[in-house]
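The values are calculated or read from the model by the stated rules, or taken from the named source; none is laboratory data. All of these numbers come straight from a predicted model, not from anything done at the bench. Here the Cβ positions follow ideal geometry from the backbone for every residue, glycine too, while neighbour counts run over all protein chains shown. Accessible surface areas use protein heavy atoms only, side chains included; no ligands, DNA or RNA. Shrake-Rupley method; radii C 1.70, N 1.55, O 1.52, S 1.80 Å.
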Amino acid sequence: MSLDELMKAWQSQDAAPLYGVDEALLQQALRQEEAKVESQRRVEGWVLYGFTPLAIAGLAFLFFLMFYDDDARTSWDFALPIVGAAAFLLWACLLYVSRRAQALRERRFGASLRDQVARHLAQLDYQTTRAVRLDNVLRDGVPPFVAGVAIMLAGWRINNEPFSTQWHWIVGGILFSGGVSVVTVWLQRRRVKRELLPRKRRLEALLEELDDCQ
Amino acid sequence: MLDSERDRIFNGWLAGHKGILFKVVHAYAFEHEDRQDLFQEIALQVWRSVDAFRGESSVPTWMYRVALNTAIAWNRKEDRHQRGKQPLEAVEGLLTTASSDGRDPRVEWLYRQIAQLKDVDRSVALLMLDGFSYKEIAAIVGITESNVGVKINRIKSALAGKRAEEAES
């Protein structure tokens, strides 16, 4: 059987399609998917651009409370909200710069299958290195940890409670913040191992398949 | 672009070329549920791609490109995982198997052979059977024309060998 005959047989699908589609259901499914993506984007945007100014405003409020109340303050007291706000700001900036750089990297790829596979790989590399490489883990984890601790300490100082009666809350809070950071890193690494690395290997195999006769 | 405009264009594309999506789905997913899932995913990507279409290629070429890119990176297990625990009922009934009346019986034979090819070769085979030129296939897949030629020759030999084998037995 020649290729022409096969192609002719193949084209019989145009007259008798393999499937039928429920177009109303399809539209509904598309709307659902799009709404889900939009809501994810909104949450991410809120965290990045909404939460940070809110936290900084809260810390500024603590700063002014310290400044205008009648209690004696040390320069360390004033340093706490400043350090917290700086940590939040640094965190948001680092996150923004890292995302922007990744978006620019991804823009280099074209629309061909090979480029799309390479783009997926670049995305996976970005996600895996964020969870695995120490500098990235520190970049993502240390600023929010520092900011959280600064808020806690500033809250403690503003109430003028003695350390001897409050130490368990402070130490507990710091341990809790540290614990949350460690669990977050562990969950991210588990996701990398279970989900991202197998996907990465599959895409690398595809890229090799594309290259096998080049 | 307004959603209504995107819907209008997408519906037009789907009405004219949904066969492309069916072929890709049939070649890359093998269970009915998987096919529903993959079809939904491809349709979603085509719908999203409407904004990016600049008319530099024909609509069928564009749809093939998006469909193959999606199918080749698609993995049912991962897809389910990424969607969280979204119930599959949402897509059930989306795709119904049509009657095979009027369809050449060699079509199913071709799909069986295509299923045995590697992922990339499968894309090349679909494009070849739909009459795309080496140049178009090279642009869609992202390899050189001479590599397309090598792959097509391999596919043709494999198909001819299989045919001869079956004729002997």
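Please give the helices (runs of 4 or more DSSP H) falling wholly within the range A:1-113 in which 3 or more residues are open to solvent by 70 Å² or more (accessible area, probe 1.4 Å) and under 27 Å from A:Ile151 (Cα atoms).
Of the helices (runs of 4 or more DSSP H) lying wholly inside the range A:1-113, those with at least 3 residues that are open to solvent by 70 Å² or more (accessible area, probe 1.4 Å) and under 27 Å from A:Ile151 (Cα atoms) span A:23-45, A:52-68, A:75-107.
So in the range A:163-175, with the set limited to residues that are open to solvent by 100 Å² or more (accessible area, probe 1.4 Å) and at pLDDT below 90, which one is farthest from A:Thr129 (Cα to Cα)? Break it down stepwise before answering.
If we filter the range A:163-175 for residues that are open to solvent by 100 Å² or more (accessible area, probe 1.4 Å), which is where we start, we get A:163, A:167, A:169, A:175.
After this cut, where a residue has to be at pLDDT below 90 as well, the list is A:163, A:167, A:169.
On the way: A:Phe163: 40, A:Trp167: 37, A:Trp169: 35 Å.
So the residue we want is A:Phe163.
So how many residues does the range B:94-118 have that are in a helix (DSSP H, G or I) and open to solvent by 40 Å² or more (accessible area, probe 1.4 Å)?
Final tally of qualifying residues: 3.
Just one of the numbered conditions (1) within 10 Å of chain A (Cβ to nearest Cβ); (2) loosely packed, with under 14 Cβ neighbours inside 10 Å is not true of B:Ile140; which one?
The single condition B:Ile140 does not satisfy is (2).
One residue is enough: does the range A:116-127 have a residue meeting the conditions open to solvent by less than 50 Å² (accessible area, probe 1.4 Å), of a type in the set (Val, Ile, Thr) and within 16 Å of the chain's Cα centre (by Cα)?
Among the residues of the range A:116-127, not one is open to solvent by less than 50 Å² (accessible area, probe 1.4 Å), of a type in the set (Val, Ile, Thr) and within 16 Å of the chain's Cα centre (by Cα), which makes the answer no.
Of all residues in the range B:51-76, count the ones that are assigned to a helix (DSSP H, G or I) and either modelled with pLDDT of 90 or more or not hydrophobic (A, V, I, L, M, F, W, C) (or both).
Qualifying residue count, the range B:51-76: 15.
Which residues, taken from the range B:42-55, are open to solvent by 10 Å² or more (accessible area, probe 1.4 Å) and either out of contact with any helix residue (DSSP H, G or I) (no Cβ under 6 Å at 6 or more places or on another chain) or within 8 Å of another protein chain (Cβ to nearest Cβ) (or both)?
B:Arg48, B:Asp51, B:Ala52, B:Arg54, B:Gly55
List pairs: first in the range B:93-106 and facing another protein chain (nearest Cβ under 7 Å), second at pLDDT below 75, Cβ under 8 Å, 6+ apart or cross-chain?
Within 8 Å, the pairs are B:Arg106/A:Met1.
Considering (1) more than 30 Å from A:Leu65 (Cβ to Cβ); (2) modelled with pLDDT of 85 or more, say which one A:Ser112 fails and leave the rest.
Failing condition for A:Ser112: (2).
In the range B:143-159, how many residues are under 15 Å from A:Asp212 (Cα atoms) and either surrounded by 15 or more Cβ atoms within 10 Å (Cβ to Cβ) or at the interface with another protein chain (Cβ under 9 Å from one of its Cβ atoms) (or both)?
Qualifying residue count, the range B:143-159: 10.
List every residue pair whose Cβ atoms sit under 8 Å apart, with the two residues 6 or more apart in sequence or on different chains, where the first one lies in the range B:141-169 and is on the phi > 0 side of the Ramachandran plot and the second, anywhere, is among the small types (Gly, Ala, Ser) and open to solvent by 20 Å² or more (accessible area, probe 1.4 Å).
Taking only residues 6 or more apart or on different chains, the pairs are B:Gly142/A:Gly110.
Quick check: anything in the range A:196-211 in contact with a His (Cβ under 6 Å, 6 or more places away or on another chain) and either closer than 19 Å to A:Gln123 by Cα or open to solvent by less than 40 Å² (accessible area, probe 1.4 Å) (or both)?
Yes, that holds for at least one residue.
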